Amino acid sequence: MSSLTSTMSPMNDLPAQLKHIGLKTIPANLDDFLARASKARWSPHMLLEQLALEETQDRSRRSLERRLRVSGIKKFKPMAAFEWNWPSKVEREVIERALTLDFVREARNFVLVGQNGLGKTMIAKNICHLAVLAGCSVLFRSAAAIVEDLRHEMFEGRRRKLRAYGRVDLLRIDEIAYLSFDDKAADILYEVINRRYEHKSLIVTTNRAFKEWNQVFPNATCIATLLDRLLHHAEVTRLEGESYRIRESQREATARRKKP
């Protein structure tokens, strides 16, 4: 009899029962919730409505936190801080259209081309952050990180990871063509891009013109096909000018020299 009582006792614990059916926020705050219900004299219908509302809001919050954590976006400056008049060439209307996420809904790609220090990564992170807030799954990775992640995997492990890269709503591949890669790296990037072709969106940043990609992947035979898949349904915008970071460094140096 005692063993039966011991087995059944958790089911006589209301917070435990609520957790058992998948609730999370109400069991942790049950006394406060019931006190509010009693004080406001909620009807049974109102009590259930409030319970559903609070659980839904908490699930949405936890989902957002998880998607932000998984995305790898990390810290970034908001677009309000972007100095549109600094690059000598910037297509503001194209970038602002990308910030509406229309290209994500249409499974198109968005490619930013330009030298270092012009804000490509800042723009891409803002787009990715907006996508997370809109409920999308996002991965923000450098080209080198993707290659390293897949290079040493055996067949089944690579296939599993490629499915993950292909399934996410928005994949950001940062710094393509910043480093020299071998033909195996080019094949890996092609596999990732091909899996997403006409199904899911990419954001890509590069500091090299596309005609120069053969120099970055000197022994690869797939570059023409890779670019064909990447650019077929893509908005390409170029930023030109001097590095913002170099300007900031020069300003800081000037300010230090002026100090007594």
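Details
- Percent RCO, i.e. relative contact order, over the chain, from Cα pairs under 8 Å lying at least 6 residues apart: 24
- In Hz, Karplus ³J(HN,Hα) per residue of the range 99-115 (6.51, -1.76, 1.60; θ = phi - 60°; x = Gly, Pro): 5, 7, 6, 4, 5, 5, 5, 9, 6, 9, 10, 10, 10, 10, 10, x, 5
- For the chain, the mean residue ellipticity at 222 nm estimated from helices alone is -17000 deg cm²/dmol, where every DSSP H run of n ≥ 4 contributes -39500 (n - 2.57) and the total is divided by all residues, rounded to the nearest 500.
- Take the Cβ atoms of Leu14 and Glu153, set R0 to 41 Å, and the FRET efficiency comes out at 0.30.
- Debye, to nearest 20: dipole size of the range 64-159, +1 on Lys, Arg Cβ, -1 on Asp, Glu Cβ: 200
- Taking every alpha-carbon pair under 8 Å whose residues sit at least 6 apart, the range 76-147 reaches a relative contact order of 36 percent.
- Think of each Lys and Arg Cβ as +1 and each Asp and Glu Cβ as -1; about the Cα centre, that makes the dipole of the chain roughly 680 debye.
- Amide H within-cut-off set for Ala234, under 5 Å, with H built and near neighbours excluded: Asn109
- DSSP beta bridge pairing in the chain, given as percent antiparallel to the nearest 5: 5
- Point-charge dipole on Cβ atoms (K/R +1, D/E -1) for the range 1-152, about Cα centre, debye to 20: 380
- Charge dipole (the range 57-113, unit charges on Cβ, about Cα centre) - positive-most of Gln57, Leu101, Ser88: Gln57
- Cα Rg, Dmax, the chain, angstrom units: 25.2, 86
- Average accessible area per residue (Å²) across the chain - probe 1.4 Å, nucleic acids and ligands excluded: 59
- Value of D in µm² per second that Stokes-Einstein yields for the range 36-78, Kirkwood Rh from Cα pairs, at 4 °C (1.567 mPa s): 101
- Between the amide H of Ser201 and those of Leu171, distances stay under 5 Å, these residues lying 5 or more places away or on another chain, with hydrogens modeled in the peptide plane.
- Annotation for the range 30-69: trypsin sites (Lys or Arg not before Pro) lying in DSSP loop with at most 13 further Cβ atoms inside 10 Å of their Cβ are Arg41.
- The accessible surface of the range 52-204, taken with every protein chain in place and a 1.4 Å probe, is 51 percent carbon and sulfur.
- Charge dipole (the chain, unit charges on Cβ, about Cα centre) - positive-most of Leu47, Gln115, Ala186: Gln115
- Rh (Kirkwood; distinct C-alpha pairs) - the range 119-260, Å: 16.8
- The GluC sites (Glu not before Pro) found in the range 132-174 that occupy coil by DSSP, while having at most 14 further C-beta atoms within 10 Å, are Glu153.
- When its C-alpha radius of gyration is set against 2.2 N^0.38 Å (N residues), the range 10-131 gives a value of 1.66.
The values are calculated or read from the model by the stated rules, or taken from the named source; none is laboratory data. Given the structure is predicted, the values throughout are model-derived calculations rather than measurements. Because the Cβ atoms are built from the backbone with ideal geometry, glycine has one as well, and the counts that use them run over all protein chains shown. Quick note on the areas: whole protein, heavy atoms, side chains included, nothing else; ligands and nucleic acids left out. Shrake-Rupley method; radii C 1.70, N 1.55, O 1.52, S 1.80 Å.
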